[in-house]
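Colleague: The structure is given below, and queries will be raised subsequently.
The values are calculated or read from the model by the stated rules, or taken from the named source; none is laboratory data. Values in this document were obtained by computation on a predicted structure and should not be read as measured data. Cβ: placed from backbone, ideal geometry, glycine included. Neighbour counts: every protein chain shown.
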Amino acid sequence: MAAMSWPTQDELDKIRGIVSEMAGKGTEDVRVVVSPYRICPLGAHIDHQGGIVSAMTINKGILLGFVPSGNTQRVIENEYLGLRNGILDQSAILLSSHGCLTYMNCKDHETEPQKGYKILLAFSGLRQALTSNPGYNSRVAECQEAAKILLHASGNGELEPFLCNVEPESYEAHKVKLEPNLARRAEHYFSENMRVSKGLEAWASGELRQFGQLMSASGLSSIKNYECGCEPLIQLYEVLLRAPGVFGARFSGAGFRGCCVALVDTDCVAEAAKFVREEYPKLQPVLASQLNPDTAVLICEAGDCARVI
């Protein structure tokens, strides 16, 4: 630890000063956390409905300053920013372990680490806050509307309208009652839950190719059923699927901007990164020109959870 040059004391003091002023608290009340970025290989867009997901952190991240006050992140995102997300981000950041894939039940808040692997991140050049895009919250509302219809149809209308409260058998029996738009959202939820369960079995058995196929199927369902993403992201996803040594790929994050993630054979990871750097700019030259060539494609390992420093 003595050899670390980042963060410096000046950087820590600067963060504490800014947060102290924003919160109206003394600098002694401010905590600084080394927060890794998280990825979600399987379990896309279903944490807000109490689904099961898999996640890991990577060895890249940022410094965050905060004043402890209970469930801080959920308060900031759900109440202050108005983003109706679930527990995936903060749970993955706080509970992940180095080299592990974490299984997370967002209904019961249970987690379990699984054996991990390396990953590749590729950035699209799209930059937009989720709070400025109505797509995220509208998808949440559509999922809840689908849950409400299915619960009433199955005689469980008193339960909260989340798809995790709908039994798979009830979904199969009553999904014909859903209008096409809501049917696609429900189909994504139930098929994604199934992919997570199958993915955990594949990962535990060392079947990375099978895990990757499920990951790519998740990406396709995000496009076809959850209907998120846009042309640059979809093109980047398709480039990753063609890259050498890639087991599977999908959007990373909510799918309305940002990057894609891929699981790659270690022996081919440098070649895969080179392929993406060469092919994506052919499809999106303007967006690609805005990216830093050194960070447009990152080769990462599964990292550890957040730490207060």
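Colleague: Select from the stretch 271-309 the residues that are over 22 Å from Lys118 (Cβ atoms) and in a loop (DSSP other than H, G, I, E, B) and write down the one among them that is modelled with the lowest pLDDT.
Modeller: For the stretch 271-309, the residue satisfying everything is Ile309.
Colleague: Another question, if that's okay. Does Gly229 satisfy the condition of being under 30 Å from Ala141 (Cβ atoms), assigned to a loop (DSSP other than H, G, I, E, B) and either within 19 Å of the chain's Cα centre (by Cα) or hydroxyl-bearing (Ser, Thr, Tyr) (or both)?
Modeller: Here the answer is yes, as Gly229 does meet what is asked.
Colleague: Follow-up. Would you mind finding the one in Tyr136, Tyr189 that is under 18 Å from Ile52 (Cα atoms) and not small (Gly, Ala, Ser)?
Modeller: The unique qualifying residue is Tyr189.
Colleague: Ok, one more. Is it true that some residue in the stretch 240-261 is part of a helix (DSSP H, G or I), within 16 Å of Pro41 (Cβ to Cβ) and at pLDDT 95 or above?
Modeller: There is at least one residue in the stretch 240-261 that is part of a helix (DSSP H, G or I), within 16 Å of Pro41 (Cβ to Cβ) and at pLDDT 95 or above.
Colleague: Could you count how many residues in the stretch 141-158 are among the aliphatic types (A, V, I, L, M) and surrounded by 22 or more Cβ atoms within 10 Å (Cβ to Cβ)?
Modeller: Final tally of qualifying residues: 4.
Colleague: Further, regarding this structure: So which residues in the stretch 162-207 are part of a loop (DSSP other than H, G, I, E, B) and in contact with a His (Cβ under 9 Å, 6 or more places away or on another chain), if there are any at all?
Modeller: Phe162, Val166
Colleague: In addition: Just the residues that are of a type in the set (Asp, Glu) and either modelled with pLDDT under 85 or surrounded by 15 or more Cβ atoms within 10 Å (Cβ to Cβ) (or both), please, taken from the stretch 23-40.
Modeller: Asp29
Colleague: Still on this structure: For the stretch 44-60, how many residues are buried (at least 23 other Cβ atoms within 10 Å of the Cβ), touching a residue at least 60 places away in the same chain (Cβ under 8 Å) and either in contact with a Ser or Thr (Cβ under 6 Å, 6 or more places away or on another chain) or over 30 Å from Leu150 (Cβ atoms) (or both)?
Modeller: The total comes to 3.
Colleague: Kindly evaluate Arg185 against the criterion of being touching a Cys at 6+ places or on another chain (Cβ under 8 Å), surrounded by 15 or more Cβ atoms within 10 Å (Cβ to Cβ), closer than 28 Å to Gln213 by Cα and modelled with pLDDT of 95 or more.
Modeller: Considered against the rule, which asks whether it is touching a Cys at 6+ places or on another chain (Cβ under 8 Å), surrounded by 15 or more Cβ atoms within 10 Å (Cβ to Cβ), closer than 28 Å to Gln213 by Cα and modelled with pLDDT of 95 or more, Arg185 comes out as yes.
Colleague: A follow-up question, please. Only residues that are within 22 Å of Asn292 (Cα to Cα), surrounded by 19 or more Cβ atoms within 10 Å (Cβ to Cβ) and not small (Gly, Ala, Ser): list them for the stretch 236-262, please.
Modeller: Leu236, Tyr237, Val239, Leu240, Arg250, Phe251, Phe256, Arg257, Cys259, Cys260, Val261 - these are the residues of the stretch 236-262 that are within 22 Å of Asn292 (Cα to Cα), surrounded by 19 or more Cβ atoms within 10 Å (Cβ to Cβ) and not small (Gly, Ala, Ser).
Colleague: From Glu201, Glu279, Glu231, which residue is charged (D, E, K, R), out of contact with any helix residue (DSSP H, G or I) (no Cβ under 6 Å at 6 or more places or on another chain) and either within 16 Å of Gly125 (Cβ to Cβ) or crowded, with 20+ Cβ neighbours inside 10 Å (or both)?
Modeller: Glu231 is the lone residue from the list that is charged (D, E, K, R), out of contact with any helix residue (DSSP H, G or I) (no Cβ under 6 Å at 6 or more places or on another chain) and either within 16 Å of Gly125 (Cβ to Cβ) or crowded, with 20+ Cβ neighbours inside 10 Å (or both).
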